[in-house]
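Asks: Here you go, one structure.
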Amino acid sequence: MVKFYPVVKLNEPSLLAVWKGQGFDCIVVRLQDVISLRTGKPNKTFYQIKECGGVHNFLDFDGKIILSLIMKDELLPKFDEVRYSELINTLNPDLFTTVDAETYEHEFYTSKNEVKRSSIETLKLIKLCPNSKPIGQVKGSSKKHLYSHIQLLKSIGITDFVFHVGDFFRNGSPNMISKAKDYSLFIKKHVDSLILYGMGCQKRLLEFSFADAYVTFNHFVKAVNGKKYAGPCEYNYGGGYKPEVVKDNLTQIVKNMSKTNYQKKLIKGGVCPWEAVTEEKERAMLAQSAIMKEE
């Protein structure tokens, strides 16, 4: 049975409760939401969480919380293990993904050096965060890279792993989606448990059902782009961003996951482009949300 862990957007008050009542025993929050996307320094949301005594109190949630360190590439140079640990220890999640890295297809040497950097930082980071358990974020631009990184993470006691498939779905390229599946299957053969991060394509849920859990933010992404789910399909609902559509989308994903877990036969789905939320769109959405509150 594949589990589903939704991403909860910490820096948008209107979305802090949309996931409640759905029976989740685990949710995901992003480090990227509690820092400035320009400087990498803590933002006001971080300090609100600090005042509450941690992210569990902030969200009033007793289940497990995974902190994702997956972030925009341009933010990575602004962090080291000390800076990561200060944020992690204040947020106090149950688990955190290991340090992110820039790894791209056909960029072998850059990817190799990035995996090395993230591994060194991860080794230091784990010692600085004794109250939270690491989940190994597997990085690499080839199966050889992936395998080496898996073995390194295993050697320091990591048993649970996560692989970011979201970027492979960008633009709906069949070749890249096929590679995401190939890499994911390869990783799954070498680990005890595997979470697929960014696995939000509703038409391909069965194809990747060998994983143990999916993490997605598509309930929010689709709403920002004016789209709503109807079963595994989506349609343009018209109008601007609406928090209630985020909740409706999340409810539909939960239903889709429930149906998928009853299916026994692996089937092929259609191409489903992955849509990122640009920084400009996110700012516009937050501004519109603020106006709605004032009204």
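Asks: How high is the relative contact order of the chain? Use alpha-carbon pairs under 8 Å, at least six apart in sequence, and give a whole percent.
Replies: Working: 497 pairs, mean separation 48.8, N = 295.
Result for the chain is 17 percent.
Asks: Determine ³J(HN,Hα), in whole Hz, for all residues of segment 127-142 in sequence, where each value follows from phi through the Karplus function 6.51 cos²θ - 1.76 cosθ + 1.60 and θ = phi - 60°; x replaces Gly and Pro.
Replies: With coefficients 6.51, -1.76 and 1.60, one gets 5, 8, 10, x, 8, 10, 8, x, 10, x, 8, 7, 10, x, 10, 7 Hz.
Asks: For segment 1-138, what is the percent of antiparallel DSSP beta bridges, rounded to the nearest 5?
Replies: Bridges in segment 1-138 that DSSP calls antiparallel: roughly 10 percent.
Asks: Right, next: Which trypsin sites (Lys or Arg not before Pro) in segment 115-198 sit in a loop by DSSP (not H, G, I, E or B) and have at most 16 other Cβ atoms within 10 Å of their own Cβ?
Replies: Details: sites: 116, 117, 124, 127, 139, 143, 144, 154, 170, 179, 181, 188, 189; in loops: 139, 189.
Here the trypsin sites (Lys or Arg not before Pro) that fit, given the DSSP loop and packing criteria, are 189.
Asks: Along the principal axes of its C-alpha atoms, what lengths does the chain span, in descending order and rounded to whole Å?
Replies: 52, 49, 34
Asks: Tell me, how many Å apart are the Cα centres for segment 6-21 and for segment 196-232?
Replies: So the separation of the two Cα centres works out to 16 Å.
Asks: Additional query: Divide by every residue of the chain the summed helix terms, -39500 (n - 2.57) for each DSSP H run of at least 4, and state the resulting mean residue ellipticity at 222 nm, rounded to the nearest 500 deg cm²/dmol.
Replies: Rounded to the nearest 500, it is -12500 deg cm²/dmol.
Asks: Antiparallel DSSP bridges in the chain: what percent, to the nearest 5? Before the final figure, lay out each step's value.
Replies: On the way: 5 of 32 bridges.
Looking only at bridges with both residues in the chain, the antiparallel portion is about 15 percent.
Asks: Could you tell me what percent of the accessible area of segment 211-267 is made up of carbon and sulfur, with a 1.4 Å probe and every protein chain present? Please list the in-between numbers first.
Replies: Numbers: 1420 of 2720 Å².
The computed percentage sits at 52.
Asks: Further, regarding this structure: How high is the FRET efficiency between residue 233 and residue 178 when r is their beta carbon distance and R₀ equals 25 Å, given to the nearest 0.05?
Replies: Details: r = 22 Å, r/R0 = 0.87.
After rounding to 0.05, the efficiency reads 0.70.
Asks: Here's another thing I want to ask about it. Could you compute the FRET efficiency for residue 225 and residue 167, with r as their C-beta to C-beta distance and R0 at 22 Å, rounded to 0.05?
Replies: Details: r = 17 Å, r/R0 = 0.79.
The value I calculate is 0.80.
Asks: Here's another thing I want to ask about it. Step through the residues of segment 6-18 one at a time and calculate ³J(HN,Hα) from phi using the Karplus curve (6.51 cos²θ - 1.76 cosθ + 1.60, θ = phi - 60°), rounding each to whole Hz and writing x for Gly and Pro.
Replies: Each residue of segment 6-18 in turn: x, 7, 9, 7, 5, 9, 10, x, 5, 10, 5, 10, 5 Hz.
Asks: While we're looking at this one, here's another question. Just the accessible area for residue 184, please: 1.4 Å probe, Å², rounded to the nearest 10?
Replies: Only protein atoms counted, so the area is about 0 Å².
Asks: Of all accessible surface on segment 1-160 at a 1.4 Å probe, what whole percent is carbon and sulfur? Provide the component values of the computation, followed by the final result.
Replies: Details: 3720 of 7380 Å².
Of the solvent-accessible surface of segment 1-160, carbon and sulfur hold 50 percent.
Asks: Name the residues whose placed amide hydrogens come within less than 5 Å of the amide hydrogen of residue 170, ignoring near sequence neighbours (fewer than 5 apart) on the same chain.
Replies: Result for residue 170 returns 274.
Asks: Roughly how many Å is it from the Cα centre of segment 174-194 to that of segment 96-128, as a whole number?
Replies: Cα centroid to Cα centroid, the span is 19 Å.
Asks: Additional query: Residues in segment 185-229 near a label at residue 244, defined as backbone nitrogen under 19 Å from the 7 Å Cα→Cβ point?
Replies: Output list for this probe position: 219-229.
Asks: Also: Enter the accessible area of residue 5 (Å², nearest 10), with the probe set to 1.4 Å and all protein chains included.
Replies: Solvent-accessible area, nearest 10 Å²: 30 Å².
Asks: Suppose R0 equals 41 Å; then what is the FRET efficiency for residue 36 and residue 64 from their Cβ-Cβ distance, rounded to the nearest 0.05?
Replies: After rounding, the FRET efficiency stands at 0.90.
The values are calculated or read from the model by the stated rules, or taken from the named source; none is laboratory data. Treat the numbers as computed from the prediction; the structure is a model and nothing was measured. Heads up, the Cβs are rebuilt from the backbone with ideal geometry, glycines too, and the neighbour counts pull from every protein chain shown. These accessible areas exclude ligands, DNA and RNA; they are computed on the full protein's heavy atoms, side chains included. Shrake-Rupley method; radii C 1.70, N 1.55, O 1.52, S 1.80 Å.
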